[in-house]
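Here the structure comes first, spelled out in structure tokens, and everything after it is commentary.
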Amino acid sequence: MVKICCIGAGYVGGPTMAVIAFKCPTVEVAVVDISVPRITAWNSDKLPIYEPGLDEVVKKCRGKNLFFSNETEKHVAAADVVFVSVNTPTKTSGLGAGKAADLTYWESAARMIADVSKSSKIVVEKSTVPVKTAEAIEKILTHNSKGIKFQVLSNPEFLSEGTAITDLFNPDRVLIGGREETPGGLKAIQTLKDVYAHWVPHERIICTNLWSAELSKLAANAFLAQRISSVNSISALCEATGANVSQVSSAVGKDSRIGQKFLNASVGFGGSCFQKDILNLVYICECNGLPEVANYWRQVIKINDYQKSRFVNRIVSSMFNTVSGKKIGILGFSFKKDTGDTRETPAIDVCRGLLSDKAQLIIYDPQVPEAQMIKDLSTPKFDWDQPSQNIHIAEDAVKQSVKVVHDAYEAAKDAHAICILTEWDEFKSLDYQKIYNNMPKPAYMFDGRNVADVAKLRQIGFIVYSIGKPLDPWLKDMPSIA
Ligand SMILES: NC(=O)C1=CN([C@@H]2O[C@H](COP(=O)(O)OP(=O)(O)OC[C@H]3O[C@@H](n4cnc5c(N)ncnc54)[C@H](O)[C@@H]3O)[C@@H](O)[C@H]2O)C=CC1
Ligand SMILES: O=C(O)[C@H]1O[C@H](OP(=O)(O)OP(=O)(O)OC[C@H]2O[C@@H](n3ccc(=O)[nH]c3=O)[C@H](O)[C@@H]2O)[C@H](O)[C@@H](O)[C@@H]1O
């Protein structure tokens, strides 16, 4: 029986390993983490992350061929294949701060693998890492190995949060990079291929050299984020000209070379990876003497910041240039629907922008706990990480100006305006007439996700701003400057 151990029981390690265990009953999978609360949660009825379909998969395998444990060293020592799926955030200080990936967690995991191993192992990069990281990992492993042989593979993960289980069950591709030029490398690639071959069609398992696999992951995220910044940049032009961004993106996407997916204009992309991975790409380009390429990708983040600032400015300017003391109902806080994850959610920047203009916020999100929202809104951000207008707000001040509620109607009650910041399905079918009746007039709707039916809301009486849609006469008279 092949034994797999995965270091890091997070959004990637947990679901990925659960699916491997589910699809490969003959493989034993241990997921280990330094965090005791995280492992306790994985072993409980309330898993540490919300992901549709995950509970069922975990319940079917846990205790059979899927184990969650804090006994990191024991499980690593026993494994044939060790996945490393630890976090790789942006460096916050020192060389490359604000751009380079912080590989501290990765390096400590690699050193631990070298320390505890008594048999040969395949070490798999599951985390997203800078291109050439495998070379550094090989050096750490071989210099500390006491004669044990290691093969390093790159097997980046392409799942999206909210659809992780369906993505893992039916991936567009599985990418395995390894030392194709050596027999040991080829054997390691084959071992990992055999694991995925339990359920992924042969033609979707792509094998490349290490550097192509590492770089493909960064490039894929950069391309995806670039599509969103492209459509968001066009949304600003739509508002200025009377074009409708949904019609434009639909017409553009009908071209089979472009395609319809990932062309939804929004208040901006969030999530733990797009910004971090593009910053990392920018840094790698700079280090390789390619400033023009670095600047090209940096612009994707700049447009994203612009889009968030533009949204806040639009709200403030339409409400007579001040939201001071006004109640604003915030619908949605997570970075996308079907997840409770708030990492880099645009809601943080929008809410902080409004708080800095002294608004009172009433926030509702079906999955994000109150403590997480307060923490997110009061944790200082880094210079590279915030649109220009946001300032730091202390926790006490946040608590005084923010109320978290458990229902969309409660968030909208007595509010001067409502902002939709996450596209949760339930926001599409709210009784907006009822909401309107309970708001002071003029009642505003700022839809950052294009989920509301603009015509219907205008008919009810709302002043509506929906990203990239033709503007209300009211908004035209109150131009916002980003
Ligand atoms: N979140 C996502 O949807 C995706 C993330 N990725 C990449 O996967 C990697 C992991 O991301 P997430 O799972 O979101 O991060 P996460 O923060 O949810 O999980 C990482 C886990 O690693 C643990 N950890 C850190 N150092 C450790 C060590 N030395 N020993 C044992 N455990 C350790 C942490 O306690 C944490 O639970 C990142 O590189 C990310 O870029 C890739 C694709 C999708
Ligand atoms: O490396 C990663 O972490 C992952 O990053 C993204 O996945 P994720 O961030 O979970 O979610 P996405 O669906 O990509 O959405 C990211 C952000 O873009 C926004 N978005 C997405 C699509 C769109 O058309 N418009 C738009 O604004 C979403 O609302 C969200 O805030 C990629 O889609 C995954 O392939 C990748 O594995």
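Read-outs throughout are calculated quantities, based only on the coordinates presented, and are distinct from any laboratory measurement. Worth saying up front: this structure is predicted, and the values here are computed from it rather than measured. As a convention, Cβ positions derive from the backbone with ideal geometry for all residues, glycine included, and neighbour counts pool all protein chains shown.
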Residue count, segment 331-382, condition of a type in the set (Gly, Ala, Ser), surrounded by 24 or more Cβ atoms within 10 Å (Cβ to Cβ) and in contact with a Lys or Arg (Cβ under 9 Å, 6 or more places away or on another chain), comes to 3
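Output the number of residues of segment 17-63 satisfying the condition of being among the charged types (D, E, K, R) and touching a residue at least 12 places away in the same chain (Cβ under 8 Å).
7
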(1) touching a Gly at 6+ places or on another chain (Cβ under 7 Å); (2) at positive phi; (3) aromatic (Phe, Trp, Tyr) all hold for Phe262 apart from (1)
Scanning segment 48-90 for residues that are within 16 Å of ligand 2 (Cβ to nearest atom) and assigned to a strand (DSSP E or B), the one surrounded by the most Cβ atoms within 10 Å (Cβ to Cβ) turns out to be Phe83
Q.
For segment 134-154, check the following and say yes or no: at least one residue is within 9 Å of ligand 1 (Cβ to nearest atom), of a type outside the set (D, E, K, R), under 22 Å from the mean Cα position of the chain (by Cα) and on the phi < 0 side of the Ramachandran plot.
A. no
Check segment 327-334 and report whether any residue there is in contact with a helix residue (DSSP H, G or I) (Cβ under 8 Å, 6 or more places away or on another chain), within 16 Å of ligand 1 (Cβ to nearest atom) and either assigned to a helix (DSSP H, G or I) or among the basic types (Lys, Arg) (or both).
no
Of Ala222, Ala213, the only residue that is within 16 Å of ligand 1 (Cβ to nearest atom) and in contact with a strand residue (DSSP E or B) (Cβ under 8 Å, 6 or more places away or on another chain) is Ala213
Among the residues of segment 150-192, the number that are free of Cβ contacts under 8 Å to residues at least 40 places away in the same chain, within 26 Å of Ser119 (Cβ to Cβ) and crowded, with 18+ Cβ neighbours inside 10 Å is 8
Taking segment 150-178 and keeping only residues that are out of contact with any helix residue (DSSP H, G or I) (no Cβ under 7 Å at 6 or more places or on another chain) and farther than 16 Å from Trp199 by Cα, one is left with Glu161, Gly162, Thr163
